[in-house]
Amino acid sequence: MSRRHHDLTPRALRDRWTALGLYPGKDVFTAFTEQARRAPDRTAVADEDGNTTYATLLTRSLNLAGTLRKAGVRQGDVVAVNLPNGWRACAADLAVAALGAVVLPYPVGRKRRETLSLLRRSGARAAIVTRRVGGTDYAALVDELRPELPALEAVFVHDGAPPGTLPLDEALTGGAPPGELPEVDPGGPARIMASSGSEAEPKLVLYSHDALVGGQTPYLTELGDDGAGNPPRFLFCVPLSSPFGSFGTPCTLAAMGATLVTVDRFDPAATVAAVRAHRPSHVFLSPAILERLLTADGADRETFAPVRAIVCGGAHVHAETIRRCEETFGVVFVHSYGSADGICCHTALDDDFATKTDTAGRPDPRVVEVRVADEADEALPAGAPGEIHARGPMSPLCYLGAPELDGRYRTADGWVRTGDLGFLDADGRLHITGRKKDVINRGGYKISVAELEEALHQHPDVRSAAVLGAPDERLGERVLACVVLRDAAGGLDLAGLCRHLRDRAGLDSGKLPERLAVLPEFPLTPAGKVDKRALRSLVLP
């Protein structure tokens, strides 16, 4: 790993953040061990298996670490983890950290092509996977790839290990601890976040222990406690293996000593049940998941009474969704913005409605500072639109083994070019206006996908909306609006939709959709976002 990574943030900045106390100088496993010694009987993870205490999770993590070491995993090696949410995923995170190895979590549901890409390019020494994903024998899929993965030496499988693989649960509960652990540099590599973004293959973004335990944690601490002075209880409806889910093990557990509540995979009924059983103080989800939760049986103010805030990120959140969330659940809505490339911020608990609907809040310099820049990477004044750049204690080290991505997305002085467009207003609030590449080119007329999707969500019959560019021989692209209706038995035609967009939402005629597709539900990615590639294959065969 040492020859494949470097830190693109200037050393002087890292030293300054250390001097300011923003980096605690602890690796993920050391920080977690201190929490376990401080409160061994506190619940670390509450999931479908029940409650797992800090002491139990520490023991199981060390057991797995010992078995990983016997299987050949050494400091600096990469261990890929493909497990559903729950205590096993957290134990795998911690076991890898204990050995000074680097964890590569990725959400359950990845297919053959992306699995091969992730394991091959990361050079994973071991993989920890669940046996079955839906109707797919995922353990067999990974095993079939081994001839193409020369670095892969061991595969651990949860829920039935086939021949040639190792049983994960045996390692967690019956393995022997590894003995003396290596000294781990907090500034060294800890976690690879996989982000598909606009690239042909997932980007592998490498983060240090400092960036996770120190840089990301203020994002969570600003959300407050459980409302009664106790550590918060965070329910994650997004995969812990996603960039949004990276606030789980390193931050919620290791840095804060709080409780992590999880659902295996998002299901509205299971989420309502988890809220009732475990009484979380905060719920983390994506807009697509929130839309489904809003229509779930039992998802009401009485059920959500213990919840202080719903934290929603991963895609743009529409004003109507925010209003319905606060009215239905009686909670504070927190609008979160971030990406695996190295930025995260959110609105505050006491922000007004306009701030939550129109902005991503004020960036916290303890996490990242933000500037908006022109094409020459020069900072622009307040109100001027441009590309959003970020740099701060959470900044990643680099893109793993991809110098071309380093050059494309990082500046010489360490700023991350996010590829998102926006502006900072006079009060320092960040407004997101779209993606640099998220436009439809209709005969030279550029149409913002984000603007049109926001307008579609204002239609009273529309529950969810997504916009695609449909190929056209004459114009290059035409606008295709895809919608899910609030009432599945209802009707919506293109002419009526366009009248609403023109007369009520005020869109120019050139931005109106020329095709309409009504679907019962949108396909989602394993991370809970609308899967536009899958959607495109459904509506544009």
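FYI, it's all coordinate maths here, none of it is from the lab. If you're wondering where the values come from, they're calculated on a predicted model, not measured in any experiment. Every residue, glycine among them, receives a Cβ derived from its backbone with ideal geometry; neighbour counts consider all protein chains shown.
Spin-label pair K436-R37: with each label point 7 Å from Cα along the Cα-Cβ axis, the two points sit 4.7 nm from one another. Beta bridges assigned by DSSP with both partners in region 215-435 are antiparallel in approximately 55 percent of cases. Sparsely packed loop sites in region 254-360 (the GluC sites (Glu not before Pro) outside DSSP H, G, I, E and B with at most 13 other Cβ atoms within 10 Å) comprise E302. Roughly speaking, what is the centre-to-centre gap between region 179-255 and region 437-491 when only Cα atoms are used, to the nearest Å? Centre-to-centre distance over Cα atoms comes out at 34 Å. Which of K437/K529; K26/K529; K111/K356 have a Cα-Cα distance over 28 Å? From the list (K437/K529; K26/K529; K111/K356), the Cα-Cα distance tops 28 Å for K26/K529; K111/K356. Here region 443-470 is scanned for amide nitrogen atoms under 11 Å from the site 7 Å beyond the Cα of R504 along Cα-to-Cβ, giving 456-462.
Can you give me the convex hull volume of the Cα atoms of the chain, divided per residue and expressed in Å³?
In the chain, the Cα hull volume divided by residue count equals 155 Å³.
Per-residue Cβ neighbour counts within 10 Å put T136, T165 in the sequence T136, T165, beginning with the fewest. Each of A379 and L540 was given a label point 7 Å from its Cα along the Cα-to-Cβ line. The distance between the two points is 3.9 nm.
Looking at the chain, the DSSP beta bridges with both ends there are about 55 percent antiparallel. Using θ = phi - 60° in the Karplus curve 6.51 cos²θ - 1.76 cosθ + 1.60, the 3J(HN,Hα) couplings for region 343-353 round to 8, 7, 7, 7, 6, 8, 4, 9, 5, 6, 4 Hz; x is entered for Gly and Pro. Alpha carbon centre of region 282-331 versus region 1-68: separation in Å? Each part's Cα centre sits 30 Å from the other's. Here the gap between A296 and D358, fully extended at 0.36 nm per residue and compared with their Cα-Cα distance, gives a gain of 19.7 nm. Amide H contacts under 5 Å for V133: Y138, restricted to partners 5 or more places along the chain or on a different chain, H placed in the peptide plane at 1.01 Å from N.
Backbone phi angles across region 520-527, fed through the Karplus curve with coefficients 6.51, -1.76 and 1.60 (θ = phi - 60°), yield HN-Hα couplings of x, 8, 8, x, 10, 6, x, 8 Hz in residue order; Gly and Pro are listed as x. Which cross-chain or sequence-distant (5 or more) residues have an amide H under 5 Å from the amide H of T53, H modelled 1.01 Å from N in plane? For T53, the qualifying residues are A44.
Per residue, the Cα convex hull of region 439-539 amounts to 98 Å³. When only alpha carbons of region 4-122 are considered, Rg and Dmax amount to 16.5, 46 Å. Taking amide H atoms as placed 1.01 Å from N in the peptide plane, the amide H of D531 lies under 5 Å from those of L524, T525, each 5 or more residues away in sequence or on another chain.
Would you calculate the volume per residue, in Å³, of the smallest convex hull containing every Cα atom of region 328-458? Show your work: numbers first, answer last.
Working: hull volume 19.2 nm³, N = 131.
Residue-normalised Cα hull volume stands at 146 Å³.
Model label sites at A412 and E201, defined 7 Å from Cα along the beta-carbon direction, differ in position by 2.9 nm. Neighbour counting of Cβ atoms within 10 Å sorts the residues H282, H389, H5, fewest neighbours leading, into H5, H389, H282. Taking every alpha-carbon pair within region 215-435, the share separated by more than 32 Å comes to 18 percent. Using the Cβ-Cβ distance between A176 and A270 with R0 set to 45 Å, the FRET efficiency works out to roughly 0.80. For region 34-101, the fraction of C-alpha pairs more than 13 angstrom apart is 63%. Classify region 215-273 from the C-alpha gyration tensor, please: rounded if a/c falls under 1.5, else prolate or oblate depending on whether a/b exceeds b/c. Judged from the Cα gyration tensor, region 215-273 comes out oblate (a/c at least 1.5, b/c at or above a/b). Subtracting the Cα-Cα distance of L494 and L13 from 0.36 nm times their residue separation leaves 167.8 nm of extension gain. The string of couplings for region 454-463 from the Karplus curve (6.51, -1.76, 1.60, θ = phi - 60°) is 4, 5, 4, 5, 7, 5, x, 8, 9, 8 Hz, one whole number per residue in order, with x for Gly and Pro.
Take 86-95, 44-53 and order them by the average number of nearby Cβ atoms within 10 Å per residue, most first; the result is 86-95, 44-53. At an R0 of 35 angstrom, the distance between the Cβ atoms of L20 and A55 translates into a FRET efficiency of 0.60.
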